Amino acid sequence: MALQHLTDEQIATWTRAQKDEWWFKNIFRGDMAQLTLRSGFTGFLLGGILSATGLYIGAKTGISLGVGLTSVILAFALFRALHAGGWAQDYTILENNCTQSIATASGYVTTALISSLPAYMLVSGVIPPWWQLMIWMIVISTTGVLIAFPLKRRFINEDQAPFPEGRACGVVLDSLYNGRGDEGVFKAKLLGWVSGGAALYQAAISDGWMKLVQFKLLMLDKWAGVVEPWHLHERLDDYYYTWAAKADAVMPSILGTSFKTLGLRLTLDVAVIGVGGLMGLAIAGSCFLGAFINFVILAPLMIQMGDIAPRLGANGLPVPLSRVEIVNQWSLWWGVTMMVVGALVSLVAKPEIFKGLFKKRVAKPADAGPDLLKDIEVPLWVSYVGVPVFGMLGAYVTHLFFGVPLWMAVISLPLIFVLSIICTNSMALTSWTPTGALSKITQFTMGALDRSNPASNLLPAGMTAEIASNAANLLSDIKPGYMLGGKPRHQAIGHIIGNIAGVLVCVPLFFLLFLQPDASGVRGTAGIVSDQFGFPAALQWKGVADVIAKGLKSLPVSALVSMAIAAVAAVVMELARIKSKGRFQLSAVATGLGVVLPPEAVIGMFVGALIFWGMGRKHKAPGTKGHRIWVEGMEPICAGLISGAALMGIGNAIINVLI
């Protein structure tokens, strides 16, 4: 069944009351189950699980992945199977939408854990208690929900904005329930088989899982004398280095610096291969370009010149050179410059995103008649009261938990409304929220007022950016509910449930994975950034905070020169993309991202993008088996690679802590 929608003329000429009446009479499904116990519980579980995979991938790549379509497919297949077995009634389309809405909200709420919060910990060396992070994140995310629903009446009810990503989710749901249901089952099976294979592979390369199987289950240490568990090497070049050490063979290096020191490793990480498939060849290729320029050309040169050199640690012992040291000492500056300048140019080049700030409303006949949606929409008074209350509460807990002066936290609050409009306009038109670029507005503004305390720019920026992006992302999530006739109040409750699920799962997981205590039982920040988890988004935030605190004069001359060149290159690249209308596909933001990511992850993403690009070209013809698997099933395959590997990787970290 084709989804109904208004024509462009109706959108331009009808009043909102007329649009609401049309929606109420033609689209609204008031008698259909939506937020039920099973849809809420399923969404809570899926949201918690999938948000954990998002945290894992975000720590590796700095990229926040949406989980909406994955949860749609999983919920559809689960209840279709239960229905076929006679164990449960089939899910309604609105129950499925409610499940994906909750799961998606769970994914959005974890963004701060890969950006502003770890950046604050890295800069300050302070690790707040887990309960403080939970309270702060729930307050911030709830404020985003409260802002989203008044904007929903403007952008969705009245303007009928497209929200491409949300619309795609609505179309998929409609096709599953009103088209070929077997297609949804096929995609779910594809996701299941791929995630199962990825999980088995991840277990085979994980020391924790192999320790559990070989020592706890098979007792090989008791009767076979096994001391170390056998497992495959994720880093394939380990096999070469082991052989080369015995055979006195060549150890690869560039200008005297070994590949290992530069982080140039050959790794088979199926999760980042899946991320690369979702990214596409243009973005993954841009990341590869940034990594190649930095780690193959610039870093060896800077090491040879002495601008990157071993340093003394806090304990007085020398810290050997590594990829992390190379990035922190020198490369971070030009990489962050590329990302920030590229994002700002891309944002400024889209004037339509800013029109919402100054848009003059076209005079229309006065709305008349009763408000048909007053009993199903979220009452506006809830937001009018809730936003100031939760905004001030957010400012207070930011002051109380992180030491930000209260007046600074409070004066950052008005920026929330401006940033929310910009983010929502952007999401409505492009499915992109310019969170990274917009956060720098608050960060530099607060930094100009207080350079001495890094929390004074990091946390207000994190608060305003997270609220704005959360509101914009939730509006994209509300769009399919509007298309399918869902109840807005149910979606609002679902978003709160999803936020709680994401926080309850991901905050403890963050402490477990990245803040493990040392021998004395004290948790430190040393384990946040590692070869396995690069935290590129956090490094970007930290880099800006360092510039604010120390000033540019503290950097080597070569770093300043690289920043200037990077800024010019970012402007040229983004303008070339704009002028060529996308034919020039290199991205300055992605190029900068490739600098701060581990090169092995960049290579994996590039390989993943290349595989799906090649298979897509090979299987162009619709209707063929190859097209069904590699083109139509691309997202389930990638989601399977990511979820299977990420969940087993998380499990491996937990096993290593407990055993």
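Quick test of your reading of the structure: Val557 fulfils all but one of (1) under 24 Å from Ser322 (Cβ atoms); (2) crowded, with 20+ Cβ neighbours inside 10 Å. Name the failing condition by number.
Exception for Val557: condition (2).
Can you spot a residue in region 367-380 that is in a helix (DSSP H, G or I) and either farther than 30 Å from Tyr482 by Cα or at pLDDT 80 or above (or both)?
Going through region 367-380, the residues in a helix (DSSP H, G or I) turn out to be 380.
Pick out the ones that are also either farther than 30 Å from Tyr482 by Cα or at pLDDT 80 or above (or both) and you get 380.
Yes, there is a match, as at least one residue in region 367-380 is in a helix (DSSP H, G or I) and either farther than 30 Å from Tyr482 by Cα or at pLDDT 80 or above (or both).
Out of Gln10, Gln89, report the one residue that is surrounded by fewer than 22 Cβ atoms within 10 Å (Cβ to Cβ) and at pLDDT 80 or above.
On the way: Gln89 fails: at pLDDT 80 or above.
The conditions single out Gln10.
Leu400 is checked against (1) of a type in the set (A, V, I, L, M); (2) surrounded by fewer than 24 Cβ atoms within 10 Å (Cβ to Cβ); (3) within 16 Å of Asn457 (Cβ to Cβ) and fails just one. What number does that condition carry?
(3)
Given the residues Asp221, Asp174, which is the only one that is in a helix (DSSP H, G or I), more than 19 Å from Asn425 (Cα to Cα), over 27 Å from the mean Cα position of the chain (by Cα) and at pLDDT below 80?
Numbers: Asp174 fails: over 27 Å from the mean Cα position of the chain (by Cα).
Sole residue among the options that is in a helix (DSSP H, G or I), more than 19 Å from Asn425 (Cα to Cα), over 27 Å from the mean Cα position of the chain (by Cα) and at pLDDT below 80: Asp221.
Which one of Ser51, Ser71, Ser39, Ser101 is under 30 Å from Pro129 (Cβ atoms) and either in a helix (DSSP H, G or I) or at pLDDT below 90 (or both)? Lay out the reasoning, then the answer.
On the way: Ser71 fails: under 30 Å from Pro129 (Cβ atoms); Ser39 fails: under 30 Å from Pro129 (Cβ atoms); Ser101 fails: under 30 Å from Pro129 (Cβ atoms).
Among Ser51, Ser71, Ser39, Ser101, only Ser51 is under 30 Å from Pro129 (Cβ atoms) and either in a helix (DSSP H, G or I) or at pLDDT below 90 (or both).
Do any residues in region 617-632 that are touching a residue at least 24 places away in the same chain (Cβ under 8 Å) have Cβ atoms under 8 Å from those of residues that are surrounded by 14 or more Cβ atoms within 10 Å (Cβ to Cβ) and part of a loop (DSSP other than H, G, I, E, B), where the two are at least six apart or on different chains, and which pairs are they?
These pairs meet every condition: Ile629/His619.
Every residue in region 567-585 that is free of Cβ contacts under 8 Å to residues at least 60 places away in the same chain, loosely packed, with under 15 Cβ neighbours inside 10 Å and at negative phi, please.
Once the filter is applied, which keeps residues that are free of Cβ contacts under 8 Å to residues at least 60 places away in the same chain, loosely packed, with under 15 Cβ neighbours inside 10 Å and at negative phi, region 567-585 yields Val568, Val572, Ala576, Lys579, Ser580, Arg583.
Could you go through region 121-140 and let me know if any residue there is surrounded by fewer than 19 Cβ atoms within 10 Å (Cβ to Cβ), of a type in the set (Phe, Trp, Tyr), touching a helix residue (DSSP H, G or I) at 6+ places or on another chain (Cβ under 6 Å) and within 17 Å of Leu400 (Cα to Cα).
Yes: one or more hits.
If I ask for residues that are of a type outside the set (D, E, K, R) and free of Cβ contacts under 8 Å to residues at least 12 places away in the same chain, which ones from region 83-125 would you list?
First, pick out the residues of region 83-125 that are of a type outside the set (D, E, K, R): 83-89, 91-94, 96-125.
Of everything in region 83-125, those that are of a type outside the set (D, E, K, R) and free of Cβ contacts under 8 Å to residues at least 12 places away in the same chain turn out to be His83, Ala84, Gly85, Gly86, Trp87, Gln89.
Within region 598-630, which residues are of a type in the set (Lys, Arg) and buried (at least 16 other Cβ atoms within 10 Å of the Cβ)? Lay out the reasoning, then the answer.
The first filter runs over region 598-630 and keeps only residues of a type in the set (Lys, Arg), leaving 617-618, 620, 625, 628.
Arg628, the sole residue that qualifies.
Identify the residue in region 283-334 that is of a type outside the set (A, V, I, L, M) and in a strand (DSSP E or B) and, among all such residues, is farthest from the chain's Cα centre (by Cα). It would help to see each step written out before you state the result.
Within region 283-334, the subset of a type outside the set (A, V, I, L, M) is 285-288, 290, 292, 294-295, 300, 304, 306-307, 310-311, 313, 315-316, 318, 320, 322-323, 325, 328-331, 333-334.
Retained after the next criterion (residues that are in a strand (DSSP E or B)): 311, 318.
Numbers: Arg311: 33, Pro318: 35 Å.
Top of the filtered list is Pro318.
Against the condition among the aromatic types (Phe, Trp, Tyr), within 28 Å of Pro508 (Cα to Cα) and either without any contact (Cβ under 8 Å) to a residue 60 or more places away in the chain or in contact with a strand residue (DSSP E or B) (Cβ under 6 Å, 6 or more places away or on another chain) (or both), how does Trp131 come out, does it pass? Walk me through how you get there before you give the answer.
Working: among the aromatic types (Phe, Trp, Tyr): yes; within 28 Å of Pro508 (Cα to Cα): yes; either without any contact (Cβ under 8 Å) to a residue 60 or more places away in the chain or in contact with a strand residue (DSSP E or B) (Cβ under 6 Å, 6 or more places away or on another chain) (or both): yes.
When the stated conditions are applied, Trp131 passes them.
Counting only residues that are assigned to a helix (DSSP H, G or I), surrounded by 15 or more Cβ atoms within 10 Å (Cβ to Cβ) and not aliphatic (A, V, I, L, M), how many does region 192-206 have?
Of the residues in region 192-206, 5 are assigned to a helix (DSSP H, G or I), surrounded by 15 or more Cβ atoms within 10 Å (Cβ to Cβ) and not aliphatic (A, V, I, L, M).
Please determine, by comparing only the residues of region 208-245 that are touching a residue at least 40 places away in the same chain (Cβ under 8 Å) and under 28 Å from Leu266 (Cβ atoms), which one is surrounded by the fewest Cβ atoms within 10 Å (Cβ to Cβ).
Ranking the qualifying residues of region 208-245, first place goes to Arg235.
Regarding Gly54, is this residue touching a residue at least 24 places away in the same chain (Cβ under 8 Å), touching a Gly at 6+ places or on another chain (Cβ under 6 Å) and crowded, with 24+ Cβ neighbours inside 10 Å?
Details: touching a residue at least 24 places away in the same chain (Cβ under 8 Å): yes; touching a Gly at 6+ places or on another chain (Cβ under 6 Å): yes; crowded, with 24+ Cβ neighbours inside 10 Å: yes.
Yes, satisfied.
Every residue in region 497-528 that is in a helix (DSSP H, G or I), in contact with a helix residue (DSSP H, G or I) (Cβ under 6 Å, 6 or more places away or on another chain) and buried (at least 17 other Cβ atoms within 10 Å of the Cβ), please.
Ile497, Gly498, Asn499, Ala501, Gly502, Val503, Val505, Cys506, Val507, Leu509, Phe510, Leu513, listed by residue number.
Inside region 191-241, can you point out the residues that are touching a His at 6+ places or on another chain (Cβ under 8 Å) and among the β-branched types (Val, Ile, Thr)?
The answer is Ile205, and nothing else.
With (1) of a type in the set (D, E, K, R); (2) outside any loop (DSSP other than H, G, I, E, B); (3) more than 29 Å from Phe259 (Cα to Cα); (4) modelled with pLDDT of 85 or more as the list, and Lys620 as the residue in question, which single condition is left unmet?
Against the list (1) of a type in the set (D, E, K, R); (2) outside any loop (DSSP other than H, G, I, E, B); (3) more than 29 Å from Phe259 (Cα to Cα); (4) modelled with pLDDT of 85 or more, Lys620 comes up short only on (2).
When region 128-169 is examined, which residues are found to be modelled with pLDDT under 90 and part of a loop (DSSP other than H, G, I, E, B)?
Once the filter is applied, which keeps residues that are modelled with pLDDT under 90 and part of a loop (DSSP other than H, G, I, E, B), region 128-169 yields Asp159, Gln160, Ala161, Pro162, Phe163.
Name every residue in region 396-426 that is more than 12 Å from Met446 (Cβ to Cβ), among the small types (Gly, Ala, Ser) and over 24 Å from the mean Cα position of the chain (by Cα), in order of residue number.
The answer is Gly403, and nothing else.
The values are calculated or read from the model by the stated rules, or taken from the named source; none is laboratory data. The model shown is predicted, which means the values in this text are computed figures rather than measured ones. When we count neighbours, we look across all protein chains shown, and the Cβ atoms used for this are built from the backbone with ideal geometry, even at glycine.
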